Amino acid sequence: MSSPVDRYFELVDQNQQKFIEALREVVAIPSVSSDASRRGEVVRMGEWLQARWEALGATCKRVDPGKQDLHGVELDLPPVILGQYGNDSSKKTVLVYGHYDVQPALLEDGWDTDPFTLVETADGRLVGRGSTDDKGPVLGWLLCAETHKQAGLEFPVNLKFCFEGMEESGSEGLDEIIVAEADKWFKGTDVVCISDNYWLGTKKPCLTHGLRGVSYFHLEISGPGADLHSGVFGGTVHEPMVDLVHLLATLVDSSGRIKVAGIYDQVMEETEAEEQSYEGLEFSHAALAGDLKRDVIIHADERATLKHRWRIPTLSIHGVEGAFYAPGDKTVIPARVRGKFSLRTVPNMEPARVAELVTAHLNAEFGKLGSKNVMRVIETHGGRWWYSSPKHPNFVAAARATERVYGVTPDLTREGGSIPVTLTFEENLGVNVLLLPMGAADDGAHSINEKLDRRNYICGIKLLGAYLHEIAVTDLTVPA
Ligand SMILES: NCCCC(=O)N[C@@H](Cc1c[nH]cn1)C(=O)O
Ligand SMILES: [Zn+2]
Ligand SMILES: [Zn+2]
């Protein structure tokens with residue numbers, strides 16, 4: 001007699017094509033949260049999920065977070081779908097989070113095929129916007145529950161879920177809902193699992209126990225009351241763009257070193273155990289250079305690259321608002337420009353201290369210019385870093401599940417990006433949070449030709465189920 005988990009795996013294998021059709025159906029809903037004209041599609045996607053979970057017997061609560069001002073257009077925020085599947089006091093309760101909105105995508109951005117039509121390539125790539133970020137994983141939880149029910153398999157845990165439609169646009173309204181529901185809808189949660197990130201490479205699965213934070217700034221330089229003719233005024237007025245370019249160049253050098261005094265002071269000391277944790281990870285500069293399509297890597301070895309992604313703060317310059325950027329030549333002096341940059345922050349940096357250091361640096365550098373323009377530094381948004389122990393039983397259960405599906409011990413990774421909701425759950429629910437990725441490093445989330453490999457999708461659906469079965473038999477008490 002095969003075990004329930006083995007039976008579940010067999011069923012997942014038998015239903016592969018059906019699962020791909022389900023992914024095709026959701027990829028075809030262009031739920032782009034940053035596009036006002038697509039807001040109805042985002043809502044439709046949330047309603048699709050709610051209907052499908054309710055058909056299975058889950059109890060759902062649709063929470064409408066209110067209104068959003070999107071560049072002057074007032075829009076209803078898409079619903080957060082809260083759910084509860086099973087309510088057996090003898091079982092553990094797992095809360096899963098995911099998002100059903102996606103990044104924008106247009107064929108003319110360079111996609112090989114229509115981004116909202118799922119295409120399976122001969123080498124097993126399921127190409128389509130949202131396939132890996134995050135519709136594949138969100139669907140994975142649903143298909144896992146449906147498969148159990150259809151086969152009459154006992155579902156191993158009580159499942160709570162929280163699916164939002166604004167993750168790609170700053171998760172507006174979500175934190176307030178989590179805080180308000182911490183002792184209500186989320187009461188009784190034993191552990192949280194989020195599947196919304198990626199393996200370090202393309203072959204070996206991983207569990208993720210750390211994320212960097214982000215502190216985002218605008219640096220505004222205002223000069224004359226209107227744009228000027230450079231032939232008339234060039235060399236006779238202080239140009240905002242000249243000041244801005246100079247200031248941006250004082251922030252970071254070409255080797256990625258941040259030039260803001262004091263910024264590295266709060267960075268956590270590295271321990272011997274951490275140094276050893278880089279051994280054996282599936283990560284190579286050759287593969288990274290391949291993904292980048294050109295070797296533009298700064299560091300000499302893989303370990304240094306990972307440290308600069310995970311445990312060292314970095315500063316990136318993103319763009320300039322108000323600057324001339326169209327093709328062709330225009331002899332204008334822009335009157336007001338806004339440079340945009342952000343720092344990725346790491347343990348134990350405090351956002352308030354980061355803002356203080358950045359502002360002091362820019363004030364000092366601007367002072368040196370002797371410019372009559374006006375400078376403003378604005379911190380527009382931020383999120384804190386997250387760092388957790390991979391020794392928690394939640395991670396141990398996930399590692400066992402991974403071994404069962406893939407036959408290997410997963411890598412333990414951190415990520416350079418930010419998922420602020422991770423910390424919101426950890427702090428407000430007081431339980432352990434695990435990041436359990438489905439997709440691979442080369443999936444191209446946010447990029448053109450986003451894909452999820454068939455292998456990752458099918459094994460990922462097995463993994464989510466195996467994880468829930470492992471949680472059911474794991475003592476979640478943290479050893480003293
Ligand atoms: N692999 C998961 C990363 C998710 C992600 O891309 N998060 C964004 C969040 C963000 C922060 N500010 C604006 N968006 C990120 O850029 O890290
Ligand atoms: Zn995502
Ligand atoms: Zn994303």
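Every number here is computed from the coordinates shown, using simple stated rules; none is lab data. Keep in mind the model is a prediction, meaning the values are calculated, not measured. In this analysis, Cβ positions are derived from the backbone assuming ideal geometry, glycine residues included, and neighbour counts consider all displayed protein chains.
Take every Cα-Cα distance within the chain, group them into 20 Å bins from 0 onward, and report for each bin the whole-number percent of pairs it holds. For the chain, the pair-distance distribution reads 22, 54, 22, 3, 0. Placing a label point 7 Å from the Cα of residue 216 along the Cα-to-Cβ direction, the residues of the range 430-463 whose backbone N falls under 20 Å of that point are 445-448. Looking at the chain, the DSSP beta bridges with both ends there are about 70 percent antiparallel.
With the simple model of a label 7 Å out from the Cα in the direction of the Cβ, residue 477 to residue 379 spans 4.1 nm. Taking chymotrypsin sites (Phe, Trp or Tyr not before Pro) across the range 275-367, the ones in a DSSP loop with at most 12 further Cβ atoms lying within 10 angstrom of their Cβ are 325. Taking label points 7 Å from Cα along the Cα-to-Cβ direction, residue 184 and residue 230 give a separation of 5.8 nm. Remark: for residue pairs 259/293; 91/160; 18/149; 203/462; 135/160; 160/451, the C-alpha separation exceeds 23 Å in 259/293; 160/451. Reported to the nearest whole Å, the Cα centre-to-centre distance from the range 436-480 to the range 44-69 is 23.
Distance from the Cα centre of the range 124-187 to that of the range 205-252, in angstrom? Using only Cα atoms to place each centre, the spacing works out to 39 Å. Between residue 396 and residue 360, the contour length at 0.36 nm per residue exceeds the alpha carbon distance by 8.5 nm.
Taking the Cβ-Cβ separation of residue 289 and residue 25 as r and a Förster radius of 45 Å, what is the calculated FRET efficiency to the nearest 0.05?
Once the sixth-power term is evaluated, E becomes 0.80.
Only sites in a loop by DSSP and with at most 13 other Cβ atoms within 10 Å count here; which GluC sites (Glu not before Pro) in the range 139-244 make the cut? When the GluC sites (Glu not before Pro) of the range 139-244 are filtered for loop state and at most 13 Cβ neighbours within 10 Å, 154 remain. Residues of the range 18-43 falling in the label zone of residue 108, defined by backbone nitrogen less than 18 Å from a point 7 Å along Cα to beta-carbon, are 35-38.
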